[in-house]
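What follows is one structure encoded as structure tokens, with my remarks underneath.
FYI, it's all coordinate maths here, none of it is from the lab. As the structure is a computational prediction, the values presented were derived from the model and not from experiment. Cβ placement follows ideal geometry from the backbone for every residue including glycine, while neighbour counts extend to all protein chains displayed.
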DNA sequence: CATAAGCTATACCCTAACGTTAAGGTCAAG
DNA sequence: CTTGACCTTAACGTTAGGGTATAGCTTATG
């Protein structure tokens with residue numbers, strides 16, 4: 001199938017697919033008119049990448065996961081380790097964002113939000 | 001004062017200050033040797049930007065905030081609105097990340113993590 | 001005074017993951 | 001024959017600076 005169909009079925013853009021191909025995450029053969037032709041396996045990989053990306057994995061990590069996906073002699077602990085690292089990163093990131101959000105919320109509550117210049121948010125940033 | 005001193009006092013790099021200047025968030029005059037010379041007000045603005053960045057505001061938003069900071073006839077509601085938008089963005093982002101993290105955690109729990117190929121994480125991504 | 005260390009300048013390349021033109025080739029329908 | 005939908009490559013834009021190279025200026029030391 002051609003790129004447009006793969007993109008539609010996998011729920012990603014044509015550009016994303018070409019990008020994954022540039023980075024050697026997937027492969028295609030060419031038709032006589034130079035159009036890319038994808039196998040069902042390639043479509044599956046694009047779907048795989050799409051899901052992994054949505055779970056927060058980077059392209060680089062997707063690359064590792066695809067290697068494991070392809071490897072029938074993989075050890076599940078290897079996959080698990082990648083996931084654990086990502087999970088820890090996510091937890092840390094959530095923590096940081098929560099701190100920020102709480103600070104911001106606190107400032108917003110203190111701001112009168114009227115048509116006068118006095119503003120605790122500006123004051124805090126300028127302090 | 002020169003760029004290095006400003007950078008030290010504001011806790012940012014020289015490069016960042018030049019960057020802010022390129023984007024017209026701050027200004028400097030030049031000494032006879034072409035070195036940048038900053039006023040105390042410029043230092044205050046760099047500090048202001050640094051704090052705002054740490055609160056999650058983009059450079060673009062910092063630019064708006066600085067305009068309000070400079071404007072003695074600002075209305076606090078304008079500042080507040082920017083902060084509210086950012087706060088909502090942060091909340092949404094935290095929500096998304098939490099969902100991801102929970103999904104990942106669930107998958108990790110289901111994975112045996114041994115030396116056999118069977119892996120629920122891979123299965124989920126390939127499903 | 002000469003030299004080295006340290007600060008400053010401009011300028012270009014790099015990041016992540018594509019988005020977005022630009023300019024053009026291919027193919028089926030009307 | 002033209003239109004429109006689809007495909008191609010190439011290359012710049014995005015975010016917020018980091019890193020590096022080269023060169024000029026300043027200051028401290030021998």
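Between residue A:19 and residue B:102, with labels modelled 7 Å along Cα→Cβ, what's the label distance in nm to one decimal, could you check?
Simple spin-label model gives 2.8 nm for this pair.
Cα convex hull of the range B:1-74: how many Å³ per residue?
Roughly 85 Å³ of hull volume per residue.
Counting partner chain Cβ atoms within 10 Å of every residue's Cβ in A:92-98, what's the average?
4
When the convex hull of the C-alpha atoms of the protein assembly as shown is computed, what volume per residue in Å³ does it have?
Enclosed volume per residue, from the Cα hull, is 193 Å³.
Assuming R0 = 22 Å, can you tell me the calculated FRET efficiency for the pair residue A:54 and residue A:2, based on Cβ-Cβ distance, to the nearest 0.05?
Efficiency for this residue pair is about 0.35.
Seen from all sides and averaged, what is the projected area of the convex hull of the Cα atoms in chain A, in nm²?
Its Cα hull, projected and averaged over all orientations, spans 12.9 nm².
Would you give the gap between the C-alpha center of the range B:110-127 and the C-alpha center of the range B:14-43, rounded to a whole Å?
Going from one Cα centre to the other spans 54 Å.
Over chain B, calculate the relative contact order: mean separation of alpha carbon pairs under 8 Å at least 6 apart, over the residue count, as a percent.
16 percent
Once Rh for the range B:87-127 is found with the Kirkwood sum over Cα pairs, what is the Stokes-Einstein diffusion coefficient at 4 °C and 1.567 mPa s, in µm²/s?
My calculation gives 111 µm²/s for D.
If r is the Cβ-Cβ distance from residue A:63 to residue B:37 and R0 is 45 Å, what FRET efficiency results, to the nearest 0.05?
Between residue A:63 and residue B:37 the formula returns 0.40.
Kindly express, to the nearest 10 degrees and within the range 0 to 90, the angle between helix A:59-70's C-alpha long axis and the longest C-alpha principal axis of chain A.
40 degrees
Rounded to the nearest 0.05, what FRET efficiency do residue B:123 and residue A:30 have when you use their Cβ-Cβ distance and R0 = 25 Å?
The calculated FRET efficiency here is 0.20.
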